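Some notes on the structure that comes next.
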Amino acid sequence: MLALALWLMTSSAYALLFALLGPVVAFASVLDSRRAARRTRRRELAAARVRLEELEAGLAPRLAARADALAATALAPVALALDESVRGWYLGRGEVPSGIELLAAEDVPELASEIARLRELASRLRDAPVVVEGFDSFALSGAEPLARSFARGLVLQAVARCAPGTARVTVPDGEEWARQLPARCSAGQAWEVESDGRRVLVITREIAGRGFEVNLGHAGEEPRFTGAASGWRPCYLAEVEAAELAGRLAERAMHSGWRPAGPIPEAVALEELLAATDAPPTAAALGEDAAGAVLVDLERHGPHALVAGTTGAGKSELLVSWVLALAARRPPPNWRSCSWTSRRILVRAPHCAAARRGCRERPR
């Protein structure tokens with residue numbers, strides 16, 4: 001309208017030209033603003049994708065840390081250690097919830113598929129330990145060989161969380177591997193583990209509505225339990241594997257001071273015992289039991305020792321054997337002894353630095 005008024009007043013063709021260019025300039029301005037908005041949106045989306053990539057890269061160590069924390073609550077049978085603080089039960093491996101949830105401040109339609117993929121990646125732990133807590137009773141269904149293989153792993157875990165030598169284990173007939181456990185073993189109908197009168201584990205083959213139910217399936221069926229994700233792989237152990245792991249637990253228990261029950265030899269030759277024993281520098285082989293040489297280590301068990309017994313029980317013979325066992329593999333410069341006994345064999349040893357024959361109390 002302004003250009004038309006100017007043309008009426010001036011009769012100039014330039015006024016009409018300006019009138020025609022006005023809509024063109026307005027359209028160009030709108031088009032440019034839209035192009036600028038698209039450029040800004042592309043930059044924002046590119047920056048958002050970079051942040052998503054950074055977030056995905058940071059997820060890997062967080063998911064690994066979650067898996068490690070989960071594994072620490074229940075050790076797999078192949079990694080068992082004597083630990084009374086463990087409370088979880090390792091059932092196998094598979095996908096488990098990670099406990100991580102990604103929340104977006106706003107919906108971005110252009111990145112919807114990428115955000116959904118990242119949320120799915122963060123929500124699950126792949127090939128992670130499957131652990132359950134809060135149960136001491138399991139009800140297994142499925143093929144008998146599978147149930148036995150699965151129960152062996154649970155029994156090993158139960159014994160590992162008992163103080164060495166305190167566990168009482170009951171297993172069905174045919175499970176001879178269990179006799180290698182650091183526990184008293186007997187045969188029974190169910191699988192049971194007790195320690196100091198406390199029930200640690202009970203495994204039955206009946207689904208009675210109590211305990212944690214695990215269906216191991218039959219041929220061609222997928223194992224399952226409540227809350228299990230697809231692709232769960234139970235922990236199965238053959239008898240040979242269970243026997244090897246039971247032996248490892250027994251070795252660790254013996255390092256803690258436990259000794260297995262069994263026949264004790266009537267006599268042991270010190271020379272033969274020393275020749276067959278590879279003892280650390282501060283340890284001495286004092287005898288033999290069902291498990292082999294009995295070592296007493298002054299560094300681990302000492303530094304002081306008290307030998308007690310009635311008259312004729314063999315206190316002096318034990319002390320003589322102890323000193324000779326320490327001196328047998330150590331030259332005099334590396335080890336010295338002081339003797340307060342009348343035993344000439346100790347006084348005559350080159351390791352004896354001082355001797356006193358008698359230790360009478362002065363009269364008052």
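No lab work stands behind these numbers, since they all come straight from the coordinates. Quick caveat, the model's predicted, so the values are computed rather than measured. Ideal geometry is used to build each Cβ from the backbone, glycine not excepted, and the neighbour counts take in all protein chains shown.
Remark: Val130, Val78, Val202 ranked as Val78, Val202, Val130, counting other beta-carbon atoms within 10 Å and listing the fewest first. Sorting Ser29, Ser141 by the number of Cβ atoms found within 10 Å of their own Cβ, with the fewest placed first, yields Ser29, Ser141. Counted by neighbouring Cβ atoms within 10 Å, the residues Phe212, Phe150 run from fewest to most as Phe212, Phe150.
Rg to Rh for the range 31-97: what is it, with Cα atoms only and Rh by Kirkwood?
Radius of gyration relative to Kirkwood radius: 1.42.
Put a dot 7 Å past the Cα of Glu56, heading toward its Cβ, do the same for Ala305, and the two dots end up 6.5 nm apart. Full extension of the chain between Arg233 and Leu298 gives 18.7 nm of extra length, using 0.36 nm per residue less the Cα-Cα distance.
Placing a pseudo-label 7 Å from each Cα along the Cα-to-Cβ vector at Glu144 and Arg126 gives an inter-label distance of 4.0 nm. Net length available on complete extension from Ser29 to Glu44 is 3.2 nm, with 0.36 nm assigned per residue and the Cα-Cα distance removed.
Here the spin labels are modelled as points 7 Å beyond Cα on the Cα-Cβ line, and at Arg330 and Ala190 they lie 5.3 nm apart.
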